[in-house]
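Take a look at the structure set out below.
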Amino acid sequence: ILLGKRRPTMTIVYLFLISSITINPSSLLAQVHPGYENFKFSSKEEAELLFARGLYKESIEKCKEILKTEKERSYIFRMMLKAWQAMNDLASAEQFLKGYSKSGSTHFWYATGYLNYLKADYPKAEEAFKQAIELEPENGLAWNNLGAVFSEKKQYALAVEKVKKAIEVNPKEPMFVWN
């Protein structure tokens with residue numbers, strides 16, 4: 001009575017459309033593409049995926065596995081520290097780094113610098129990034145973050161110089177270019 005003459009027809013059309021979608025959902029579900037049934041992520045990709053999904057503890061554990069079995073990388077430490085930061089637990093990051101066995105590597109010094117950067121302790125961060133660069137001048141992340149430290153200290157000319165060096169070291173890293 002309240003719908004008028006045209007409303008029942010439109011209501012029937014809407015109901016038909018909705019029921020056809022809900023009755024046959026198979027076309028809407030994701031399906032495996034041929035040839036990708038056995039696709040495997042690398043350990044680093046798994047850690048990144050866990051991080052992206054907000055599964056920070058799992059991501060950290062995956063990163064720890066990577067550090068035990070593969071060549072250590074500054075990017076792995078960076079992801080771990082970002083996960084600890086997301087959980088508001090930089091104290092655990094500090095504990096991990098204190099107990100880390102390869103404390104003389106460029107990657108360890110990068111991680112120490114990045115941890116101090118996240119804690120806004122820029123003098124300690126600067127010192128650690130410089131140590132990472134001294135051990136490996138090709139550590140683009142250390143150059144980039146050293147530039148970020150100088151930016152925080154409002155020393156913009158030095159910041160630009162350091163980020164340019166990061167780009168020179170690794171021109172394919174978009175993060176450096178954005179900075």
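Here are the numbers:
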item: Residues that are closer than 23 Å to E136 by Cα and more than 13 Å from the chain's Cα centre (by Cα), drawn from region 38-89; result: K64, I66, L67, K68, T69, E70, K71, E72, R73
item: All positions within region 65-83 that are over 18 Å from E173 (Cβ atoms) and in a helix (DSSP H, G or I); result: E65, I66, L67, K68, T69, M80, A83
item: Of the criteria (1) touching a residue at least 12 places away in the same chain (Cβ under 8 Å); (2) hydroxyl-bearing (S, T, Y); (3) open to solvent by 20 Å² or more (accessible area, probe 1.4 Å), which one S74 fails; result: (3)
item: Region 136-159: number of residues that are part of a loop (DSSP other than H, G, I, E, B) and in contact with a Gly (Cβ under 8 Å, 6 or more places away or on another chain); result: 0
item: Qualifying positions in region 142-162 - under 22 Å from the mean Cα position of the chain (by Cα) and either open to solvent by 60 Å² or more (accessible area, probe 1.4 Å) or at pLDDT below 95 (or both); result: E152
item: Cross-chain or 6+ apart pairs with Cβ under 9 Å, region 148-169 first and closer than 13 Å to P123 by Cα, then part of a loop (DSSP other than H, G, I, E, B); result: A148/N179; V149/Q155; S151/N179; E152/A120
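The values are calculated or read from the model by the stated rules, or taken from the named source; none is laboratory data. Computed from a predicted structure; not experimentally measured. Every residue, glycine as well, gets a Cβ built from its backbone with ideal geometry; the counts of neighbours run over all protein chains shown. To get the accessible areas, we keep the full protein, side chains included, count just its heavy atoms, and leave off ligands, DNA and RNA. Shrake-Rupley method; radii C 1.70, N 1.55, O 1.52, S 1.80 Å.
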